[in-house]
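Values in this text are rule-based calculations from the coordinates and carry no lab data. Owing to the predicted nature of the structure, the values given are computational and were not obtained by experimental measurement. Virtual Cβ from ideal backbone geometry, glycine too; neighbours counted across all protein chains shown.
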Amino acid sequence: METKRLMIKGMTCGMCVKHVTHALENVDGVVDVQTDLDAGAAEVTYDPAATGLPEFEEAVAEAGYEVTAMS
């Protein structure tokens, strides 16, 4: 398992956090999502053999937000 921190543009409210969290939790291979509203970030723990940045970006975009960086 790996954990990556995604910076999410537009994640500025409690409802935003719910949308982003739900979208990322539904990506195959994701086992945990923790969000930090103050930082506008989500930490995703996932199986790197099953998923990665393109799938995270797509899920976040479908929720109406944008991944601006990953570390």
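Could you list all residues from segment 19-49 that are more than 10 Å from residue 59 (Cα to Cα) and either of a type in the set (Gly, Ala, Ser) or touching a Lys or Arg at 6+ places or on another chain (Cβ under 7 Å) (or both)? The answer is 29, 39, 40, 41, 42, 43, 44, 49. Here is a check on your reading of the model: is residue 28 touching a residue at least 12 places away in the same chain (Cβ under 8 Å) and acidic (Asp, Glu)? Judged against the criteria, residue 28 is a match. Could you please find all residues in segment 1-59 being surrounded by 15 or more Cβ atoms within 10 Å (Cβ to Cβ), out of contact with any Leu (no Cβ under 8 Å at 6 or more places or on another chain) and assigned to a loop (DSSP other than H, G, I, E, B)? Matches in segment 1-59: 10, 27, 29, 37, 40, 51, 52. The residue that is farthest from residue 6 (Cα to Cα), counting only those in segment 60-71 that are free of Cβ contacts under 8 Å to residues at least 60 places away in the same chain and buried (at least 17 other Cβ atoms within 10 Å of the Cβ), is 63.
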